[in-house]
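Take a look at the structure below.
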Amino acid sequence: MRLGFSVRVLGVPDLPACDPRPDAGSVSTSLAYLRDILLYLRANQIRFYRMHTALVPLPLSADAVTLEAELQHAHALAADVARLAAEDGVRLTFHPYSAVVLNAPQDEQYILALSRLAALVTWLDGLELGPEAVVVLHVGGVYDDPVASLERFVRRYEALPPAVRRRVVLENDDRRYDWADAWRAHNRCGVPLVLDVLHHQVLNRQRIPLRDALAAALTTWPAGVTPKLHFSTPRTDVRSLEGSGRLKVPTWSEHADFCNPFAFIDLLVQLDGLPDADLMLETKARDVALLKLREDVARFAPERRTSLL
């Protein structure tokens, strides 16, 4: 099992994940950032990383044609990044959250989402990454009719260009579309599913046991492609709301800074006997939390530590 973290590298504070300035950035700069991140991953034996979507420079984030040309222009640097990822077996993915909403009812919003999705896929293709390099989407909004909105996602997924569709996977969420909804979408169009464990705990209308959902999710991926899961544990701290004098109590849907190691070990037990999967840790402490979790597993469940990469 490859453990991964998302976007920001906290272990090296001056190692940027992207250039977030709206009118700045270049493909070469983004590739250099990613190369440095891959070298950090190598040094810490981490083989799974979710890239910031702004690695695709914002001026090119909806322009796949120009992006492809820029990647060709930076071919030597792109090839170096691709070599590092391949040598170390690093899985690279994207998760654009609300930037890509396929089921938006407005044509303009959908067309923009499709353009952004095509640019992300162009980046993955330009680095010659294999089929494990996926783009994780949510179904999207309910738009006053969750059934019709789910159906619209299915239709638009089926209409994606094959080169784009092969990289798109679907995740359950914690507010609108739960695991049962994602499963219905898969049965309609075959989209591979990412089970988010915390989302499933927060929103599970049909009370589907976690083991059943895990087993089902891992069967939705194509042969030879390792499935991926998302894991985090909820924040439990009480915080003061700045300037209000009020306290913010936990909502249980917010990701904690670190993983509760006992909940994680329980997940490993749930996965016993199921197909192999990679696991993205959605923690606020990012790579620091991943490294701490490895230490915790070695301490509290040493028989499990050799299964974690």
Of the listed residues (267, 290, 281), the one being at pLDDT 95 or above and within 22 Å of residue 209 (Cβ to Cβ) is 267
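Could you check region 196-218 and list, in sequence order, the residues that are out of contact with any strand residue (DSSP E or B) (no Cβ under 9 Å at 6 or more places or on another chain), of a type outside the set (Gly, Ala, Ser) and over 14 Å from residue 177 (Cβ atoms)?
Answer for region 196-218, where residues must be out of contact with any strand residue (DSSP E or B) (no Cβ under 9 Å at 6 or more places or on another chain), of a type outside the set (Gly, Ala, Ser) and over 14 Å from residue 177 (Cβ atoms): 207, 209, 211, 212.
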For strands (runs of 3 or more DSSP E) lying entirely in region 231-309, having 2 or more residues that are touching a residue at least 40 places away in the same chain (Cβ under 8 Å) and surrounded by 14 or more Cβ atoms within 10 Å (Cβ to Cβ) picks out 278-281
Selection from region 251-269 of residues within 16 Å of residue 202 (Cα to Cα) and over 21 Å from the mean Cα position of the chain (by Cα) yields 251
Those residues of region 115-140 which are small (Gly, Ala, Ser) and surrounded by fewer than 20 Cβ atoms within 10 Å (Cβ to Cβ) amount to 115, 130
Counting only residues that are of a type outside the set (Lys, Arg) and assigned to a helix (DSSP H, G or I), region 174-198 contains a total of 11
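So which residues in region 1-47 are polar (S, T, N, Q) and assigned to a helix (DSSP H, G or I)?
Within region 1-47, 28, 29, 30 qualify.
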When restricted to 170, 203, the only residue buried (at least 19 other Cβ atoms within 10 Å of the Cβ) and under 21 Å from residue 260 (Cβ atoms) is 203
Of (1) farther than 18 Å from residue 159 by Cβ; (2) modelled with pLDDT of 95 or more; (3) not small (Gly, Ala, Ser), residue 117 fails just (1)
- Query: Any residue in region 94-113 that is without any contact (Cβ under 8 Å) to a residue 12 or more places away in the chain and either among the aromatic types (Phe, Trp, Tyr) or in contact with a Leu (Cβ under 9 Å, 6 or more places away or on another chain) (or both)?
  - Reply: no
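The values are calculated or read from the model by the stated rules, or taken from the named source; none is laboratory data. Just so you know, these numbers come straight off a predicted model, no measurement behind them. Ideal geometry is used to build each Cβ from the backbone, glycine not excepted, and the neighbour counts take in all protein chains shown.
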